[in-house]
Structures are given as C-alpha cells and as structure tokens.
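Inspection log for the structure reproduced underneath, given as structure tokens.
All of the numbers you see were taken from the coordinates with simple rules; none came from a lab. For clarity, every value in this text was computed on a predicted model and none was experimentally measured. No Cβ is skipped: glycine too gets one built from the backbone with ideal geometry, and neighbour counts run over all protein chains shown.
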Amino acid sequence: MNIFHDWRGLPARARGAVVALGNFDGVHRGHAHLLRTGHGARPDAPLAVLSFEPHPREVFRPDDPPFRLTLTAERAGALAALGVSTLYELRFDQAFSTMSAEAFVADVLHAGIGARHLVCGPDYAFGHRRGGDAAFLAARAEALGIGLTVVPPLMEGAGQISSSRIRRALQDGYPERATAKLGRPWAIRGIVAHGDARGRTIGFPTANIALGRHLEPARGVYAVTVTLPDGSSVHGAANIGRRPTVNAGPESRLEVNLFDFSGDLYGQELAVALHAFLRPEQKFSGLDELRARIAADCAEARRILDRVAPLSP
C-alpha cells in the first residue's frame with residue numbers, strides 16, 4: 001500500500017483513484033461494503049481511502065478516554081486486505097480543522113489528489129464545523145466533474161454496523177459480537193514491555209503490552225490468539241485490567257500468557273486478538289488462589305480456542 005500524509009505535490013500514480021471518505025476506525029464489514037460499492041462504480045480505477053490521523057475526536061476532545069479500535073498500522077493493513085492500494089492519511093490538527101467544506105472539495109479532493117470518483121456514507125460530514133454533508137459534496141463534485149456514490153449503511157439486526165456499536169460490544173464484554181461486525185477478531189497491537197515478572201514467579205509468564213490509544217474493553221480475562229512478529233500465531237489467555245490482587249495501579253494494561261511458547265519477546269510487536277470473555281477482573285486472597293484461578297482460566301481458554309480458532313499445523 002502507498003501511504004501519503006499530504007495532498008499536495010502527489011506523484012501521478014497517486015492521483016485518479018476511486019476515493020472512499022471516512023475515519024474507517026475498526027475497518028468493519030460496513031466499511032468493506034462501502035469499499036466494494038466504490039470499486040464497483042469504477043472498477044477501472046485504483047481504490048483509495050482518505051482518512052485522518054489523529055482521529056478528529058482526539059484533537060477536539062483530548063481528555064476523553066482512548067476509544068480507537070485500530071491505530072495506524074492496523075488500519076492500513078486491514079484496508080490493504082480489502083483491496084485499497086492508496087491511503088491518504090492526512091494529518092488532522094487545529095489548523096486543518098478550519099478549512100472550509102468548499103476548500104476541502106476544491107483543493108484537497110479535486111486539485112490535490114485528483115479524485116476520479118468519491119464514495120461515502122449518507123452521514124459523512126466534513127469541513128470547518130462540519131459545514132459540508134453528502135448533499136453539498138454531490139453538488140460540488142458534479143460541478144468539478146467528479147463522480148460520487150453515497151452508500152447506505154450495512155444493516156444487521158436492529159441497526160447498522162458501526163464503529164460505535166463495536167466499541168460498545170467490547171466494553172460490555174462481548175468480543176464475539178465485535179468479531180461478527182468486524183469480520184475478524186478485534187486485536188490490540190503493541191510493543192512488549194518489561195513488567196514486574198510476577199507472572200513468571202507463579203508459573204504463568206506473560207507478555208505485557210500497554211493499551212495506549214486503544215479502546216479499553218471490559219476488564220477481565222480473555223481467550224486470545226497472538227500473532228508473533230514472524231506472522232505465526234499461538235493461543236493464549238490474557239488479562240486486561242489493573243491487577244487488583246498484586247498491584248492496583250492507576251492504568252490498565254494487557255498481560256498475555258502464550259501457551260506452549262518460549263522465547264524473548266521484549267521490544268517486539270504483537271497483535272493480541274480477543275475471542276471470548278472468560279470472567280471479570282477480581283481480587284483474590286493471595287497468590288495461591290490467584291495461581292489456581294489462572295490455571296483454570298488457561299484450561300478454559302484452551303478448550304474455547306481449540307473450537308473457535310484452531311491453529312494451522
């Protein structure tokens with residue numbers, strides 16, 4: 001995938017695409033539907049996405065808790081898997097937020113990236129104070145000779161598939177519901193950092209990963225699969241929370257025990273995919289009770305993962 005962070009001075013190969021507009025947080029099945037529809041409108045043109053980094057909400061509401069489903073690398077990888085060849089990941093800041101809707105269409109979409117065709121959802125809004133909407137975009141695109149397809153949301157059950165519904169499913173402790181909407185298990189990607197090595201002393205060594213800007217799902221224990229730097233996967237059990245038995249710290253973190261694995265992972269990037277929520281976080285009377293419960297959690301995680309996420313031989 002080609003990734004560009006500025007709409008100015010682009011090479012010829014980065015212009016003339018079908019450009020899907022939106023935040024694409026999570027890159028869920030609704031996003032995949034939108035991209036397929038855009039490609040179908042102009043199958044002769046390359047498929048591109050225009051999004052922002054950081055997410056505008058992170059700029060306007062910096063004190064909000066982290067909410068991102070996918071960060072930059074994860075989002076780019078998921079988009080590439082859907083056939084996107086170019087990502088315009090434009091830097092969003094206070095200065096950019098003052099650009100008018102008219103300037104965004106004329107300067108960025110038309111003159112800058114040379115969009116051949118645009119695709120968006122009916123609720124897409126852009127420009128200073130969200131001054132532009134799908135109707136405005138349709139009128140201006142037509143005047144500039146740019147095609148436009150407005151794609152209705154993909155519906156499932158009682159509502160549409162959306163990033164907000166996926167966030168709610170994860171925060172309520174239902175990763176399998178998030179999986180159904182995403183089309184894949186939700187994963188936290190991060191660098192393994194040194195912890196206090198307490199897990200090793202009780203027989204369950206863990207890889208420790210900060211949640212960072214990721215959404216914090218329901219605190220507790222999960223059955224997970226872990227993608228290693230070489231692309232292989234292993235099963236595991238992970239705890240997300242503040243570890244009240246041993247260290248009631250102020251920040252939650254992810255600790256994952258990788259089954260049947262030995263090796264040094266410090267400083268390496270892992271992707272930890274959540275498959276099932278086993279139990280809420282709880283405080284135990286001591287390390288012996290904690291050790292026994294972790295053993296039971298790992299056994300339960302193995303049973304679940306052997307059924308829902310078998311590893312390739």
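For region 203-313, take N as its residue count and report Rg(C-alpha) divided by 2.2 N^0.38 Å.
Working: Rg = 13.5 Å, N = 111, 2.2 N^0.38 = 13.2 Å.
In units of the globular-protein estimate, region 203-313 measures up at 1.03.
Can you sort LYS181, LYS283 so the residue with the fewest Cβ neighbours within 10 Å comes first? It would help to have the intermediate numbers written out before the result.
Working: LYS181 20, LYS283 12.
So the ranking, lowest neighbour count to highest, is LYS283, LYS181.
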- Query: Taking 0.36 nm per intervening residue step and subtracting the Cα-Cα distance, what contour gain separates ARG213 from VAL59 on full extension?
  - Reply: 54.1 nm
- Message: Taking only Cα atoms of region 98-176, what ratio of Rg to Rh do you get with Rh as the Kirkwood inverse-distance radius?
- Response: 1.11
- Item | 5 Å binning of all Cα-Cα separations within region 2-156, expressed as whole percents from 0 upward | 2, 9, 19, 24, 23, 16, 5, 1, 0
- Message: With every atom except the alpha carbons ignored, what do you get for Rg and Dmax of region 34-80, in angstroms?
- Response: 14.2, 44
- Where does the Debye-calculated log10 I(q)/I(0) of region 56-123 sit at q = 0.20, 0.21, 0.24, 0.28 Å⁻¹, using only Cα point scatterers of equal weight, no solvent? -1.18, -1.24, -1.30, -1.25
- Task: Taking all pairs of distinct Cα atoms, average 1/r, flip it, and tell me the Kirkwood hydrodynamic radius of region 77-116 in Å to one decimal place.
- Result: 11.8
- Query: Roughly what percent of Cα-Cα pairs across region 1-64 reach past 15 Å?
  - Reply: 60
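Using alpha-carbon pairs under 8 Å, 6+ residues apart, how would you state the relative contact order of region 177-308 in percent?
Details: 248 pairs, mean separation 41.4, N = 132.
This gives 31 percent for region 177-308.
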- the chain: antiparallel bridges as % of DSSP beta bridges, rounded to 5, reads 65
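For SER97 and ILE191 in the same chain, what is the full-extension length gain: residue separation times 0.36 nm, less their Cα-Cα distance, in nm?
Values: separation 94, 0.36 × 94 = 33.84 nm, distance 3.14 nm.
My answer for the length gained is 30.7 nm.
Order of MET1, MET155 from fewest to most other C-beta atoms within 10 Å? If you can, show how the numbers build up before the last one.
On the way: MET1 13, MET155 10.
Starting with the residue having the fewest Cβ neighbours, the order is MET155, MET1.
Can you figure out the FRET efficiency of SER262 with LYS283, using R₀ = 25 Å and their beta-carbon distance, to the nearest 0.05? Could the numbers behind the result be given before it?
Working: r = 30 Å, r/R0 = 1.19.
Rounded to the nearest 0.05, the efficiency is 0.25.
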- Note on the structure: FRET efficiency for LEU144 and ALA80 from the Cβ-Cβ distance with R0 = 35 Å, rounded to 0.05, comes out at 0.80
- Message: Looking at region 2-156 only, what percent of DSSP beta bridges run antiparallel? Nearest 5 please.
- Response: 5
- Task: Could you check how many percent of all C-alpha pairs in the chain are farther apart than 34 Å?
- Result: 31
